Structures are given as C-alpha cells and as structure tokens.
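A short worksheet on the structure shown next.
The values are calculated or read from the model by the stated rules, or taken from the named source; none is laboratory data. Keep in mind that what you see is a predicted model, and the values were worked out from it rather than measured. Ideal geometry is used to build each Cβ from the backbone, glycine not excepted, and the neighbour counts take in all protein chains shown. The accessibility values were calculated without ligands, DNA or RNA, using every heavy atom of the protein model including side chains. Shrake-Rupley method; radii C 1.70, N 1.55, O 1.52, S 1.80 Å.
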Amino acid sequence: MSSTLYIVPTPIGNLEDITYRALSVLRKVNLIAAEDTRHTSLLLNHFSINTPLFVFHAYNEKKRVPVLLSKLRLGHAVALVSDAGTPLINDPGYCLVRSCCLLGVRVVPLPGACAAITALSASGLPTNRFCFEGFLPSRQRVRINYLRKIFNETRTLIFYVSKYDMLNVLRDMVVVFGSERYVVLVRELTKMWESIYRGVLKEVLDRVEHGQISIRGEIVLVVAGYCINKQKKREEMLSMEVRYIIDLLAKELPYRRVIDLVVKICGVNKNMVYKYLLKEEI
Ligand code: SAM
C-alpha cells in the first residue's frame, strides 16, 4: 500500500452503503485526508476505525497538497475521503490527484456511492449518455446565461441543487428550457425521507410552490436532454389538410395504399400516416 493515494467514496446517507474494500483501506492506510474531521470521525467510530485524520478542506486544499505529497513520497499510504459520496465530485481532491499524476504517485480509486449516478439510475431518463453539471451558478443572471448555453444539450443533465436555490433554479429552468421539459427531482437518497418526483418542469415547479413536493434535505435534479425528435415530430405534425386527405382515402382504400399515396402526394413521414390511421398519438 505504500506511497499510494486511495480515493475512497463514503455513504451519502445510509452507512450500510460503505464497501468492504473501503473499510479495509481506511483501516490499513497511515492517514485519512478528510474534509470535515468531525463528520468523518462519526463514520470511523461507527466502524471502529482509528486511523489518524488529516484536515483537507476545499479552502485549504492548495496549502495541504504539498504536505500530503511529502508524506506519500516518504512511503505513506493515504486515503482521501469527503463528507459524503465520491471525493472530487463537487468535493475537494482535484489539486491533490492532479499533483500525484504529475509526480508519478500511484492513485487508486475505489468505486462507491455518488449521488449523481444513484439519482440518474432511478430517473427513468436515458442513461447511455449524460452530462454531470454539478451546481449551477448562484447569481440569477449568470445562471440564466449558463442554462441558455446548455439549452440544446441532448444528453440527460444532472444537477446538484441546494435547498436554498431549488425554487429559483426551477423557475429559471422553466424560462429557459420551457415548461414542458421533463425533470426528475431526487431527494434524500438512501435516507429515511428518500423521494423521487417526476414530471414536466411547470408541474414540478407548481407542486414545489404549493408545498406538495418538499425541497428539504439534499437534492439531485435530473433533467431530460433537448429532444430533437420531439422538435422534428412537431415540425412533421400532420396538417389538417393532410389528415383530411388521409380520412378521405381511408374510406375507399386499404391502409397500405393510403400510406403510399399520402407519402407520395403530401411528402409526409410514412410512420406518422400509419400512426394517424391507427389513431395513435402523433
Ligand atoms: N461528492 C458527493 C457525491 O459523490 O455525490 C457530492 C457532494 S456535493 C458537495 C453535495 C450535493 O450532492 C448535495 O447538495 C446534493 O445535491 C447531492 N447529494 C449528496 N447526497 C445526497 C443525497 N443523499 N440525496 C440527494 N442528493 C445528494
């Protein structure tokens, strides 16, 4: 284990989510670099681990990196943890890991809890491609501008949102993304009040404003990506005239002929005509 930095995720609520390997590493290393030592002590006490702690907070990260590096180069094994979840994911650690990479110090990441991935997995939104956006800017004008920049992003978007910003973030999203964009508000994951709310932005905002959705605790907001198909679909919507022609032909001809003729005459999408004939949603 010597001269190695271990990146150790810790639970985001439920202590049972710690892995066997994480516990084993936390026991064996010489030092645990932790964001809030009081917070991490609770976790360590729970699992009867008495490895010494080293304060490593976002505000002192740059100053503390050289100290940790010298310990690593002397042969120490160090575990990096944050208050909850995976270190470096909106938590301290980037400068340390970057320095280790530049200096050739071994870095070993452990897999484990991460609120973003946990929320995404239950969101019901596409998971094959997604963007982790972390926290949005807290100043409204900057936030609106940022949202405008990502308006066209087609991948599923994952945001961390503090309870103080939640209402304003939803309002700004309605303005920029439109009221119909689908969102999933995931709250207090792995904890007693874990809850998942789904709906279009205007609906979720309305429920939050009327106190039907609580925004207390910790929240991940998963937002559907911009849907080109929906846009295309809208553009391709069958006009009244086309529908009239389909209805007329359908009285006289089999569906296959109707589809062929309407596609040829009106130049519309074959599938749309088919769906219209079957009275499915288009
Ligand atoms: N490193 C952490 C991770 O891997 O998820 C994230 C740390 S970031 C400072 C804290 C934010 O993560 C919270 O404001 C919230 O958006 C999200 N978060 C953390 N724990 C959560 C939980 N149990 N349920 C929902 N969101 C959570």
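How do Phe151, Phe159, Phe47 stack up against each other in accessible area, from largest to smallest, with a 1.4 angstrom probe?
Largest accessible area first, the residues go Phe151, Phe47, Phe159.
Given a cut-off of under 8 Å on Cα pairs at least six residues apart, what relative contact order in percent is computed for the chain?
16 percent
Which ³J(HN,Hα) values in Hz, rounded to whole numbers, follow from the phi angles of segment 237-250 under the Karplus curve 6.51 cos²θ - 1.76 cosθ + 1.60, where θ = phi - 60° and Gly and Pro get x?
3J(HN,Hα) across segment 237-250, in whole Hz: 3, 6, 6, 4, 4, 5, 4, 4, 5, 4, 4, 4, 5, 5.
Show me the ranking of peptides 62-71, 114-123 by mean Cβ neighbours inside 10 Å, starting with the highest.
Peptide ranking by packing, descending: 114-123, 62-71.
Gap in Å between the Cα centre of segment 14-33 and the Cα centre of segment 95-163?
24 Å
Calculate what fraction, in whole %, of the accessible area of the chain sits on carbon and sulfur atoms when a 1.4 Å probe is rolled over the protein chains.
On the way: 8380 of 16040 Å².
That fraction is 52 percent.
Given H placed 1.01 Å from N in the peptide plane, which residues other than close sequence neighbours of Leu31 have an amide H under 5 Å from its amide H?
Under 5 Å from the amide H of Leu31: Ala77, Ala79.
Per residue, how much accessible area does the chain have with a 1.4 Å probe, in Å²?
That works out to 57 Å² for each residue.
Among the aspartates and glutamates, select those whose C-alpha is under 18 Å from the C-alpha of Lys62, and discard any that sit fewer than 8 residues away in the same chain.
Counting by Cα, and skipping residues close in sequence, Lys62 has these aspartates and glutamates nearby: Glu35, Asp36, Asp91.
Under 5 Å between amide H atoms, partner at least 5 residues away or on a different chain: which partners does Ile7 have, H built in plane at 1.01 Å?
It is Leu80, Val108, Leu110, by chain and number.
With a sphere of radius 15 Å drawn around the Cβ of Arg257, what net charge do the other residues whose Cβ falls strictly inside it have (Lys, Arg +1; Asp, Glu -1)?
My count for the surroundings of Arg257 gives +1.
Between beta-carbons, use under 13 Å as the cut-off and find the net charge around Leu23, counting Lys and Arg +1, Asp and Glu -1.
Working: positive: Arg21, Arg27, Lys28; negative: Glu16, Asp17.
Combined, the nearby Lys, Arg, Asp and Glu give +1.
As a test of reading the structure, rank Glu252, Glu180 by solvent-accessible area (1.4 Å probe, protein chains only), most first.
Glu252, Glu180
Through the Karplus equation 6.51 cos²θ - 1.76 cosθ + 1.60, θ set to phi - 60°, convert the phi angles of segment 91-103 into ³J(HN,Hα) values in whole Hz; use x for Gly and Pro.
So the Karplus estimates, Gly and Pro as x, are 9, x, x, 4, 4, 5, 5, 4, 5, 4, 4, 5, 9 Hz.
Would you work out the relative contact order for segment 1-123, in percent, from Cα pairs under 8 angstrom that are 6 or more residues apart?
This gives 43 percent for segment 1-123.
What does the helix-only formula give at 222 nm for the chain: each DSSP H stretch with n ≥ 4 adding -39500 (n - 2.57), the total divided by the residues, and the result rounded to the nearest 500 deg cm²/dmol? Present the calculation step by step, with values, prior to reporting the outcome.
Details: 12 runs with 124 residues, N = 282.
Dividing the helical sum by the residues of the chain leaves -13000 deg cm²/dmol.
Under 18 Å Cα-Cα from Lys149, which aspartates and glutamates qualify once same-chain neighbours fewer than 8 residues away are excluded?
Straight-line reach from Lys149, under 18 Å: Glu133, Asp172.
Just need the relative contact order of segment 237-277 here, percent rounded to a whole number, with Cα pairs under 8 Å and 6+ apart.
Value for segment 237-277: 44 percent.
Assuming a ≥ b ≥ c are the square roots of the Cα gyration tensor eigenvalues, decide whether the chain counts as rounded (a/c under 1.5), prolate (otherwise, with a/b larger than b/c) or oblate.
prolate
Short version: ³J(HN,Hα) in whole Hz for each residue of segment 199-212, in order, from phi by Karplus 6.51 cos²θ - 1.76 cosθ + 1.60 (θ = phi - 60°), x for Gly and Pro, what are they?
x, 7, 3, 5, 5, 5, 4, 4, 5, 5, 4, 9, x, 7
All other residues with a Cβ under 11 Å from the Cβ of Thr10 taken together, and with Lys, Arg as +1 and Asp, Glu as -1, what is their net charge?
On the way: positive: none; negative: Asp17, Glu35, Asp83, Asp91.
Here the count lands on -4.
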